[in-house]
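Data block below; observations after.
The values are calculated or read from the model by the stated rules, or taken from the named source; none is laboratory data. All values reported here derive from a predicted model rather than from experimental measurement. For neighbour counting, all protein chains shown are included, and Cβ atoms are generated from backbone atoms with ideal geometry for every residue, glycine included.
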Amino acid sequence: MTDIAFGMRGKMRPQIQPAEAHAHVGEELFTTDWLVLPRSRVEQFRVGTFANEDDADMDQCLTNPVGDENVDGFMLVSLLLPAHFNNNPIGEPGSFGLNYALENVRFPAPVFLGNRVRVVCTLTNVAEHSKGVLVTTHNVMELENSERPCLVADWTVLVRTVNSL
Amino acid sequence: MTTEDYKWSLSENRRTVSLNRVSSLVGQEIFVTNWRQVDRLHLDQFHWSVDEVEETSDMSANAKFPRGEENIDGFMLLSLVTSAFFNNYPIGGENVIAWNYGLDRVRFPATTYLEDRIRLCVSLTEAVQKDSGLLMTNHVVVEIEDKERPAMVADFLVMLTNLEK
């Protein structure tokens with residue numbers, strides 16, 4: 001088991017030029033490795049986002065039946081970052097992505113500490129933008145041994161290329 | 001600058017409105033937070049917790065991002081919504097628990113940096129009774145001081161369940 005998010009397969013990923021991405025709409029772009037979510041990481045996330053007893057009133061969570069074993073939904077959303085950094089094949093030297101939008105984010109199944117998750121990412125839309133190319137992906141975060149995923153999200157990134165700067 | 005300038009303050013009105021009085025709040029602004037900054041330590045904790053660091057992820061796609069080191073990620077802003085709600089959300093009470101149900105129409109209009117002061121303005125746009133509880137649509141705007149465009153806008157869906165029922 002690795003602590004490294006979603007493997008480093010991205011180092012060897014094939015490149016799809018942003019200008020050519022439209023030809024791949026409808027294709028699955030990548031499926032990540034399974035990632036385990038240990039308590040140490042979840043607690044680090046809570047500290048970083050001020051969702052802990054030192055910085056916030058956590059009383060409401062004490063009555064929650066799933067309690068502190070539950071992995072925060074927005075941590076799952078945030079894990080789309082390394083999933084894409086390490087696996088998304090769209091890009092070219094010098095290009096970078098700006099976080100543009102999220103749509104239809106849902107958390108169908110709860111995730112608990114120690115569960116394993118992975119991201120299946122499909123390219124759903126590519127659109128021209130005055131500052132680059134808008135790339136939209138449908139992301140399903142699967143939960144091991146669960147029929148329902150723990151996260152679905154449509155994520156749009158504005159890919160700025162060297163030419164667009 | 002004190003540490004309080006880097007935290008969400010605690011509202012006395014948090015969780016004082018019971019579920020049967022929610023309808024009177026639909027269409028209203030329900031809370032505005034204090035102005036605050038995000039410090040480097042917490043931003044780094046966030047990066048580490050979700051592997052957004054060179055040690056574990058391929059960050060080369062980020063290398064050309066202008067002032068990337070001082071940028072506050074969109075998903076960090078999103079994750080700060082949780083602790084802001086813990087400290088300010090006026091609806092709730094004993095035995096009422098809140099579930100992160102989902103997000104719609106999330107946008108990041110302005111890039112946000114460590115020196116920026118931000119605050120949350122939240123309006124309740126809809127409250128719908130479902131089998132499992134009361135589904136609240138909260139329109140969230142993360143404002144940046146002295147800037148016209150906000151850092152983030154989002155419709156945050158929260159399901160409130162009364163455990164006594």
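Could you tell me whether segment B:59-78 includes any residue that is in a helix (DSSP H, G or I), in contact with a Ser or Thr (Cβ under 6 Å, 6 or more places away or on another chain) and either farther than 17 Å from A:L79 by Cα or at the interface with chain A (Cβ under 8 Å from one of its Cβ atoms) (or both)? Yes, segment B:59-78 contains at least one residue that is in a helix (DSSP H, G or I), in contact with a Ser or Thr (Cβ under 6 Å, 6 or more places away or on another chain) and either farther than 17 Å from A:L79 by Cα or at the interface with chain A (Cβ under 8 Å from one of its Cβ atoms) (or both). Filtered by the rule that a residue be polar (S, T, N, Q) and either surrounded by 13 or more Cβ atoms within 10 Å (Cβ to Cβ) or on the phi > 0 side of the Ramachandran plot (or both), segment A:16-58 gives A:Q17, A:T31, A:T32, A:Q44, A:T49, A:N52. Taking B:A63, is it surrounded by 15 or more Cβ atoms within 10 Å (Cβ to Cβ) and modelled with pLDDT under 95? In short, no. Search segment A:106-120 for residues being touching a helix residue (DSSP H, G or I) at 6+ places or on another chain (Cβ under 7 Å) and in a strand (DSSP E or B), and hand back the single one that is surrounded by the fewest Cβ atoms within 10 Å (Cβ to Cβ). Going through the qualifying residues, I end up with A:F112.
Could you go through segment A:67-87 and let me know if any residue there is part of a strand (DSSP E or B), under 21 Å from A:A153 (Cα atoms), more than 7 Å from chain B (Cβ to nearest Cβ) and not aliphatic (A, V, I, L, M). Looking through segment A:67-87, at least one residue is part of a strand (DSSP E or B), under 21 Å from A:A153 (Cα atoms), more than 7 Å from chain B (Cβ to nearest Cβ) and not aliphatic (A, V, I, L, M). Restricting to segment B:91-100, and then to whatever is part of a strand (DSSP E or B) and more than 7 Å from every other protein chain (Cβ to nearest Cβ), can you tell me which residue is nearest to B:V122 (Cα to Cα)? This residue is B:I91. Filtering segment A:25-66 to residues that are facing another protein chain (nearest Cβ under 7 Å) and assigned to a helix (DSSP H, G or I) leaves A:R41, A:Q44, A:F45, A:V47, A:G48, A:Q60.
Among the residues of segment B:116-165, those identified as part of a strand (DSSP E or B) and of a type in the set (K, R) are B:R119, B:K130. Checking each residue in segment A:150-165 for being under 17 Å from the mean Cα position of the chain (by Cα) and more than 13 Å from A:V77 (Cβ to Cβ) picks out A:T156, A:V157, A:L158, A:V159. Filtering segment B:49-72 to residues that are out of contact with any helix residue (DSSP H, G or I) (no Cβ under 7 Å at 6 or more places or on another chain) and closer than 27 Å to B:D155 by Cα leaves B:E70, B:N71. Whenever a residue of segment B:145-165 is more than 11 Å from chain A (Cβ to nearest Cβ), it has no partner that is assigned to a strand (DSSP E or B) and loosely packed, with under 12 Cβ neighbours inside 10 Å lying with C-beta atoms less than 7 angstrom away and at least six residues away or across chains. Out of all the residues in segment A:87-105, is one or more without any contact (Cβ under 8 Å) to a residue 24 or more places away in the chain and out of contact with any helix residue (DSSP H, G or I) (no Cβ under 7 Å at 6 or more places or on another chain)? No, segment A:87-105 contains no residue that is without any contact (Cβ under 8 Å) to a residue 24 or more places away in the chain and out of contact with any helix residue (DSSP H, G or I) (no Cβ under 7 Å at 6 or more places or on another chain). If only one of B:V38, B:V22 is crowded, with 17+ Cβ neighbours inside 10 Å and outside any loop (DSSP other than H, G, I, E, B), which one is it? Just one listed residue meets the conditions, B:V22. Would you be able to say whether some residue in segment B:107-130 is facing chain A (nearest Cβ under 7 Å), within 20 Å of the chain's Cα centre (by Cα) and of a type outside the set (S, T, Y)? Yes, because at least one residue in segment B:107-130 is facing chain A (nearest Cβ under 7 Å), within 20 Å of the chain's Cα centre (by Cα) and of a type outside the set (S, T, Y).
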